[in-house]
1. Note down the relative contact order for the range 1-125 as a percent, whole number, built from C-alpha pairs under 8 angstrom at least six residues apart.
2. On a 0 to 90 degree scale, rounded to 10, what angle separates helix 194-216 from the longest Cα axis of the chain?
3. Read phi for every residue in the range 19-29 and hand back ³J(HN,Hα) as whole Hz from Karplus 6.51 cos²θ - 1.76 cosθ + 1.60, θ = phi - 60°, with x for Gly and Pro.
4. Which far-off residues, 5 or more places away or on another chain, put their amide H under 5 Å from the one on S191, with H placed in the peptide plane?
5. Expressed as a rounded percentage, what relative contact order does the range 14-76 have, with Cα pairs under 8 Å and six or more residues apart?
6. Under 10 Å, Cα contacts only: if you run a Gaussian network model on the chain, which one of D145, D137, D116 comes out with the highest mean-square fluctuation?
7. If you take the beta carbon distance between R126 and R45 as r and set R0 to 35 Å, what does 1/(1 + (r/R0)^6) give as a FRET efficiency, to the nearest 0.05?
8. How much accessible area does M138 have with a 1.4 Å probe, in Å² rounded to the nearest 10?
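The values are calculated or read from the model by the stated rules, or taken from the named source; none is laboratory data. In this text, all values refer to a predicted model and were calculated from it rather than measured experimentally. Neighbour counts are summed over all protein chains in view; Cβ atoms, including those assigned to glycine, are modelled from backbone coordinates with ideal geometry. Accessible surface areas use protein heavy atoms only, side chains included; no ligands, DNA or RNA. Shrake-Rupley method; radii C 1.70, N 1.55, O 1.52, S 1.80 Å.
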Amino acid sequence: MDLIGGEGGQRPNLTEQVYEQLIELLISGELKPGDVITERRMAERLNASRTPIREALGRLEAEGLVYKQPNRGVTVSPFSTEAFVDILNVRQLLEAEAAYLASGKIAEETAARIRDALETLAKKPRPTLSEIWQVDDMLHGEIADAAGNPLMAAMIRDLRRRTHVFNAYRNPITPRFSVEENRRLLDAVASGDRDRARKAMSEHIETVKVAIIERLSGVLR
């Protein structure tokens, strides 16, 4: 895809496209902690001009995923357990509220589609990270959208994407994913009981957080 385009109104779109591509490189592990990113080489790789590359890298720097070094360009940030936990803590607050607001608002056909995806995933003996993330994003994304607050939904997606990046840094650890637990979460949100939905989401993310902390601290081998 050719990202080169005109100035003005085109640039935000180009920057967003480059940002998404850089995120994919981080998630896939093609860019790893300590890797140096130069504007020129990345522009050639993504077939983009250097301006959207620079702007996208600035966004990644603001998110703590890269940092600038004198005379070295931009470097992919080292993995930080503390940053990971901070993200999960904020996600827990936002997504619990989103589940509360979304309670009873997910269309039946949408809920059925998510259940089908969960069933398909459950039948895979060793699902890939990509397959897990796709189903996980479907569930959490639909809940965020159903909450009816576009800003909250965008923030949740951004934080979830950073979670994916940190998980990729820890390859080959596979993130914890319980199909049955996610079914219960979906049922709670679909039930129309707001307090049940909020509690289910908060407990869901807390469980994930504890499992990840245990893995990172070496409790689980």
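1. Relative contact order here is 22 percent.
2. Computed tilt is about 50 degrees.
3. Values per residue, Gly and Pro as x: 4, 4, 5, 5, 4, 4, 5, 5, 5, 6, x Hz.
4. G104
5. Working: 62 pairs, mean separation 26.1, N = 63.
This gives 41 percent for the range 14-76.
6. The residue that fluctuates most here is D116.
7. Details: r = 31 Å, r/R0 = 0.89.
It comes out at approximately 0.65.
8. 40 Å²
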